[in-house]
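Everything on this sheet refers to the single structure shown next.
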Amino acid sequence: MTAHIEIQNVSKRYGALTVLDGLSLSIKANEFMVFLGPSGCGKSTLLRMIAGLESVDEGTISINGQRIDTLPPGKRDIAMVFQSYALYPHMTVADNMAFGLRNINMPADVISARVAEAARMLEITRLLERKPGQLSGGQRQRVAIGRAIVKEPKAFLFDEPLSNLDAALRVRTRVELAQLRNRVRSTMVFVTHDQIEAMTLADRIVVMNNRKIEQIGTPMEIYSQPASRFVATFVGSPTMNFLRVSLSNQNGFARATLPDGTELQTSIPLESIDGSEHSLGIRAEAIKRANGAAATTTGKVDVVERLGDRTLLYTRLREGSIVVAEDIGNSRVAIGDEIALSLDGMRAHLFDSSGRAWHNQEASHG
């Protein structure tokens with residue numbers, strides 16, 4: 001059985017400091033849910049509250065309709081994988097994986113079968129007789145995951161499990177986790193501040209900031225339809241471009257005037273937009289180096305960032321605003337060049353002074 005986790009109006013305080021404030025969330029059975037946000041946003045605290053390692057000050061947490069926030073951690077049928085591997089150095093891999101099951105007096109033949117199956121899934125069978133000191137960081141992390149798998153819990157909780165790995169190993173282990181997710185059908189909740197991990201692994205992402213949830217959605221919903229300026233800034237590399245604009249009415253849709261006087265037509269209904277101060281948000285892939293009639297505006301290149309498959313051009317517009325635009329991988333543009341840019345208004349977003357987003361009609365169907 002897997003877990004449907006329901007979090008209702010949960011708050012957490014440490015003295016006068018509020019860490020989570022009235023947060024509600026539903027995690028579906030067999031879903032891979034990622035909590036994404038900056039340090040201090042409350043994502044690890046929320047995970048630890050599900051695990052029972054932190055108490056709930058207000059609200060409730062339930063699994064499959066049964067309230068669990070009043071239960072001790074061992075009674076919740078949840079397995080947690082920590083940032084530190086927390087392996088016993090004097091034990092073999094097999095003994096580390098079996099330790100929790102032996103503590104509850106599970107029959108030896110059942111333990112052996114579960115350890116062997118978890119090792120097969122994680123491709124660590126050949127490591128079962130080694131000690132942790134003989135393993136790489138990535139292998140140790142797989143052992144820690146294996147120790148969780150053998151418990152056959154209703155849900156797995158991962159607290160930034162890749163953050164101790166170097167860059168290359170992190171990429172490889174991320175791919176392994178994505179593959180493991182297809183082999184182990186269970187509810188998984190994963191905490192990270194790394195947007196690539198979130199976009200790669202998640203069925204849905206919970207973007208958290210300042211004690212609250214900013215947005216819940218699939219990876220591409222979060223990327224293409226950010227609910228707030230914070231989400232638009234936090235998800236995506238390079239970060240979204242922002243320009244202060246004034247708005248006018250063009251057949252019921254917002255027409256944005258950029259700081260350099262350029263006008264850009266959007267398909268965002270003007271009547272739906274609140275407030276008097278607005279910023280236009282547009283990602284680098286919606287700003288291309290252009291030729292002739294396709295040009296929307298011009299600017300001078302300050303920085304050329306070559307990424308192989310594409311080139312990012314940090315371009316200063318006439319009035320001084322800087323936008324990041326995209327060009328082909330073998331771009332011949334150099335620092336100091338004057339270039340023409342084409343901005344795709346149909347892929348733009350508008351944000352009011354509170355940071356709330358207003359989207360293209362096309363984007364909300366895309």
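Structure summary
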{"quantity": "Strands (runs of 3 or more DSSP E) wholly inside the stretch 266-336 containing at least 3 residues that are of a type in the set (V, I, T) and touching a residue at least 12 places away in the same chain (Cβ under 8 Å)", "calculated": "297-306, 322-328"}
{"quantity": "Single unsatisfied condition, I205 versus (1) of a type outside the set (F, W, Y); (2) free of Cβ contacts under 8 Å to residues at least 24 places away in the same chain; (3) more than 19 Å from G138 (Cβ to Cβ)", "calculated": "(2)"}
{"quantity": "Check on S62, part of a strand (DSSP E or B) and farther than 30 Å from T233 by Cα", "calculated": "yes"}
{"quantity": "Selection count where residues are over 24 Å from N182 (Cα atoms) and not aliphatic (A, V, I, L, M), scope the stretch 97-134", "calculated": "13"}
{"quantity": "Residue count for the stretch 30-45, restricted to those that are in contact with a Lys or Arg (Cβ under 6 Å, 6 or more places away or on another chain) and either part of a loop (DSSP other than H, G, I, E, B) or aliphatic (A, V, I, L, M) (or both)", "calculated": "4"}
{"quantity": "Count of the stretch 301-331 residues which are of a type in the set (S, T, N, Q) and within 27 Å of the chain's Cα centre (by Cα)", "calculated": "1"}
{"quantity": "Residue within the stretch 20-29 that is among the acidic types (D, E), over 25 Å from V184 (Cα atoms) and assigned by TED's automatic domain parsing to the domain that holds L162 present", "calculated": "yes"}
{"quantity": "Identity of the residue in the stretch 207-227, polar (S, T, N, Q) and at pLDDT 95 or above, that ends up surrounded by the most Cβ atoms within 10 Å (Cβ to Cβ)", "calculated": "Q215"}
{"quantity": "Identity of the residue in the stretch 148-185, part of a helix (DSSP H, G or I) and of a type in the set (V, I, T), that ends up surrounded by the most Cβ atoms within 10 Å (Cβ to Cβ)", "calculated": "I149"}
{"quantity": "Hits in the stretch 304-321 (condition: crowded, with 18+ Cβ neighbours inside 10 Å and either in contact with a helix residue (DSSP H, G or I) (Cβ under 7 Å, 6 or more places away or on another chain) or of a type in the set (D, E, K, R) (or both))", "calculated": "L312"}
{"quantity": "Failed item in (1) outside any helix (DSSP H, G or I); (2) acidic (D, E); (3) within 10 Å of V150 (Cβ to Cβ), with E129 passing the rest", "calculated": "(3)"}
{"quantity": "Check on M188, farther than 15 Å from G355 by Cβ, assigned to a helix (DSSP H, G or I) and assigned by TED's automatic domain parsing to the domain that holds A168", "calculated": "no"}
{"quantity": "Some residue of the stretch 176-186 being closer than 21 Å to G137 by Cα and at pLDDT 90 or above", "calculated": "no"}
{"quantity": "Single residue of R172, R204 found to be at pLDDT below 95 and either more than 20 Å from G40 (Cβ to Cβ) or not β-branched (V, I, T) (or both)", "calculated": "R172"}
{"quantity": "Residue in the stretch 213-225 that is of a type in the set (A, V, I, L, M), touching a helix residue (DSSP H, G or I) at 6+ places or on another chain (Cβ under 6 Å) and part of a strand (DSSP E or B) present", "calculated": "no"}
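The values are calculated or read from the model by the stated rules, or taken from the named source; none is laboratory data. Every value quoted in this text rests on a predicted model; they were computed, and no experiment measured them. Reconstructed Cβ throughout: ideal geometry from the backbone, glycine too, with neighbour counts over all protein chains shown.
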